[in-house]
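Structure, as structure tokens:
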Number of protein chains: 2
Amino acid sequence: MLSFKERAISLLKKADVKINGDRPWDIQVYNDKLYERTLLGGTIAFGEAYMDGWWSAEKLDQFFAKILGAYLDEELKSPILLFYYLKSALFNPQTEKKAFKVGEVHYDIGNDLYSKMLDKRMVYTCGYWDGFQDIPPASNLDEAQENKLEIICRKIGLKKGDNVLDIGCGWGSFIRYAAEKYQANCVGISVSKKQVDYGNKSKGDLSIEYRLQDYRDIDEKFDHIVSVGMFEHVGYKNYKTYMEVVNKNLKDDGLFLLHTIGCNISTTATDPWINKYIFPNSMLPSAAQISKSVENLFVIEDWHNFGINYDHTLMSWYNNFKKYWPDIKGHYNERFYKMWEFYLLSSAATFRIRRNQVWQIVLSKHGIKDGYKRIV
Amino acid sequence: MLSFKERAISLLKKADVKINGDRPWDIQVYNDKLYERTLLGGTIAFGEAYMDGWWSAEKLDQFFAKILGAYLDEELKSPILLFYYLKSALFNPQTEKKAFKVGEVHYDIGNDLYSKMLDKRMVYTCGYWDGFQDIPPASNLDEAQENKLEIICRKIGLKKGDNVLDIGCGWGSFIRYAAEKYQANCVGISVSKKQVDYGNKSKGDLSIEYRLQDYRDIDEKFDHIVSVGMFEHVGYKNYKTYMEVVNKNLKDDGLFLLHTIGCNISTTATDPWINKYIFPNSMLPSAAQISKSVENLFVIEDWHNFGINYDHTLMSWYNNFKKYWPDIKGHYNERFYKMWEFYLLSSAATFRIRRNQVWQIVLSKHGIKDGYKRIV
């Protein structure tokens, strides 16, 4: 029978990764118990071992691109993962009561971290780096995020005075932009108290309103609705409810723009390491799950995939995080640094190897009368 | 209890249609047995009554837009429709043996009809009327079909010498275009003997090959694969097989462009009148059904909806059909005329009211390395 190390060597070989090799994507192992810990404990153990300093790689993003491209994570499916799938099947981890948890765990960990890592508008979703219409390609993160905000406004045909709802508004980057540039009246809802406090303190004279609210509690009529990077927290058991809520709150001739990370295949649970350390109760939707959830509610007007942009965006965030770490490290510890590095760089790799996508989907209630025209 | 006529009046009222009214979309009834025949027999009886001359409307397309927009067909679901759903659930009407039936019934009814009704390239799918990149909007059917063929070539990034497969090639409009304009080497397969005979007789020196072949029998490797208006004949039980066949026959870095009519909701059977008279064993796929069928096989690179273009295309076909009817009527009869009119104009209405869509979906096997760039 093969030893744990021999099994690890054999698995890593499939991904062209060598233990203690000299290429940027090779793994450097500092504790030989890593093999047993990972092979028995799965991806969560592997991530925790990284946080404990048991291993590293010169270019961690390239290492992840190799091992995720070879689907080694699928071979590490452990009893722990089975537990997550079972839990997801038996319970609804994204009930209204539980929905605020990710707000506390992830988005409230400190605005100083996000203000250093993100662009000047604090946009915590994938940027858009390509040019479109009269807008040139972005040459830095600030521009990529403005391009993304602009493309959303144009895709929904935003006009002065329109009433717009943003479900999961983050620090308000979209509602601020839409109010500033288009004189729209915007409502943003969030489950993070720190985001809402930050937003209400800094909104100035803009016609925007921040609310600490669950999407299931909205009962109004908006000209347009957008949701940018929030659907990942909804959970597959709630997709239909979510779409019903949007349908109910959207005027008959309005547009709904859904911006979300997507997964090539339908699943019902997330990676256990991500679930524990980064996004509790999150889950990436598939195209099949989204399409099914909009039946009898919406016409799919457009489906834009620009997932490769998230590789660039996450690498920009990582570079900022590394650069400004000395300024903020007083609030965190080295284990947090490693955790955050693992999160950003493994995520970047999933988009680079095209296992995950970024979708902007434009939906209408009854179909735009003369057809929807794509602007990019 | 309401009489059949009273029930008909009440149903038609929901759609703003009057019996023997004077608006272009009002129905003119010539036989009072129409109400009983339709309410007991469903949509198939209603269509047959039209073919029998029992009713008409000044603008039949507008009449259909009204009644289909009000979903009156859903209220006419008869025991016959239930039979079709059951048949579809119990059998596979699109097995290889049965797949050639639509070739005989629909596509072999006479090239004189199609050559009069269609554009000069004999393209029997939705045209593209908008402009894109350097191509101006189309001002007639010939241009709309050339725009559509050109957009497909650009979406797959077609280059000189590429080997391309067209699944369901019709009279060969795409493979001829790709060979003429891009010097591609093309294979087209069809289940219509008349289409293949026509193609092989007229191909001249072009590097194209027509085959009378079922898609399940292809076993080669192509740079790119397209399928334009054929997926509607595949049947939901065969979607996965179809995608597996495409995946197997496509090179690793190639693109597959699927052009198909789509339905807003998932169904497992088609309208019984359409099934009996126009497209035996056809079925419109939903986005959910397609997305599910490509899981573990393809990355969805782009999903373009331009369904409103089929309203314009079908109205152009209808106008040609009406104009040239005197030239071809010797081969058909008046009942056929009414059947064809019913088919073209009810179809146009389904796109105008946005119940049906036209999708071009670009798929890659492993994701395009630096992301897929939309050209429109």
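Descriptive notes on the structure:
- Tilt relative to chain B, helix B:193-202 - C-alpha long axis, 0 to 90 degrees, to 10: 50
- Phi-derived couplings, Karplus 6.51 cos²θ - 1.76 cosθ + 1.60 at θ = phi - 60°, listed residue by residue for the range B:232-246: 4, 9, 6, x, 4, 5, 10, 4, 5, 4, 4, 5, 5, 5, 4 Hz, with x used for Gly and Pro.
- Distant-in-sequence amide contacts of A:Gly262, defined by a placed amide H-H separation under 5 Å and a gap of 5 or more residues or a different chain, comprise A:Gln357, A:Val358, A:Trp359.
- Sorted into 10 angstrom bins from 0, the C-alpha pair distances of the range A:230-272 split as 22, 50, 23, 5, 0 percent.
- Across the range A:135-150, rounded Karplus estimates of 3J(HN,Hα) from the backbone phi angles (6.51 cos²θ - 1.76 cosθ + 1.60, θ = phi - 60°) give 9, x, x, 6, 10, 7, 4, 4, 5, 4, 6, 5, 4, 5, 5, 5 Hz, Gly and Pro being marked x.
- Within chain B, helix-based [θ] at 222 nm, where runs of 4 or more DSSP H residues each add -39,500 (n - 2.57), nearest 500: -13500 deg cm²/dmol
- Placing +1 on the Cβ of every Lys and Arg and -1 on the Cβ of every Asp and Glu, with nothing else charged, gives the protein assembly as shown a dipole about its Cα centre of roughly 780 debye.
- Simple Cβ-charge dipole of chain B, Lys/Arg +1 and Asp/Glu -1, about Cα centre, in debye nearest 20: 420
- Kirkwood Rh, Cα atoms: Rg over Rh of the range A:325-367: 1.31
- Residues considered: B:Tyr50, B:Tyr215, B:Tyr332. Largest GNM mean-square fluctuation over chain B, using C-alpha springs under 10 Å, is found at B:Tyr332.
- Entry for the range A:4-77 at q = 0.25 Å⁻¹: log10 I(q)/I(0) = -1.35, Debye formula applied to identical alpha-carbon scatterers, no solvent contribution.
- Evaluated at q = 0.07, 0.08 Å⁻¹: base-10 log I(q)/I(0), Debye formula over Cα of chain A: -0.32, -0.42
- Shape call, the range A:171-316: gyration tensor on alpha carbons, a/c limit 1.5: oblate
- Most positive-pole-ward Cα, B:Tyr177, B:Ile375, B:Gly127, against dipole of chain B from beta carbon charges: B:Gly127
- Under a 5 Å amide H cut-off, with hydrogens placed 1.01 Å from N, B:Ala57 pairs with B:Gln28 among residues at least 5 apart or on other chains.
- At the residue level, B:Lys322 shows approximately 100 square angstrom of accessible surface with a 1.4 angstrom probe and all protein chains present.
- For the range A:154-219, fraction of C-alpha pairs farther apart than 19 Å, in %: 26
- Probe 1.4 Å, all protein chains present, accessible-area order of A:Arg355, B:Arg352, largest first: B:Arg352, A:Arg355
- Note on the range B:54-75 and the range B:138-176: Cα centroid distance 34 Å, given to the nearest whole angstrom.
- Beta bridges by DSSP in chain B, antiparallel share as percent, to the nearest 5: 50
- Hz values of 3J(HN,Hα) by residue in the range A:28-40 - Karplus curve (6.51, -1.76, 1.60), Gly and Pro given as x: 9, 10, 9, 9, 5, 6, 3, 5, 5, 4, 6, 5, 8
- Note on B:Ile167: accessible area is roughly 0 Å² with a 1.4 Å probe, heavy atoms of protein only.
- Exceeding the 21 Å Cα-Cα cut-off - candidates A:Lys66/B:Lys373; A:Lys14/A:Lys338; B:Lys98/B:Lys221; B:Lys87/B:Lys237; A:Lys365/B:Lys237; A:Lys66/A:Lys338: A:Lys66/B:Lys373; A:Lys14/A:Lys338; B:Lys98/B:Lys221; A:Lys365/B:Lys237
- Rg and Dmax of the range B:119-248, both derived from C-alpha coordinates alone, stand at 14.4, 41 Å.
- For the protein assembly as shown, the antiparallel share of DSSP beta bridges with both residues in that region comes to about 50%.
- Gaussian network model of chain A, Cα within-10 Å springs - most flexible of A:Lys155, A:Lys13, A:Lys237: A:Lys13
- Amide H within-cut-off set for A:Leu250, under 5 Å, with H built and near neighbours excluded: A:Phe222
- Estimated Rh, the protein assembly as shown: Kirkwood, alpha-carbon pairs, angstrom: 28.3
- log10 of Debye I(q)/I(0), alpha-carbon scatterers only, for the range B:230-327 at 0.11, 0.14 Å⁻¹: -0.44, -0.66
The values are calculated or read from the model by the stated rules, or taken from the named source; none is laboratory data. Owing to the predicted nature of the structure, the values given are computational and were not obtained by experimental measurement. As a convention, Cβ positions derive from the backbone with ideal geometry for all residues, glycine included, and neighbour counts pool all protein chains shown. All accessible areas refer to the heavy atoms of the entire protein, side chains included, with ligands and DNA or RNA removed. Shrake-Rupley method; radii C 1.70, N 1.55, O 1.52, S 1.80 Å.
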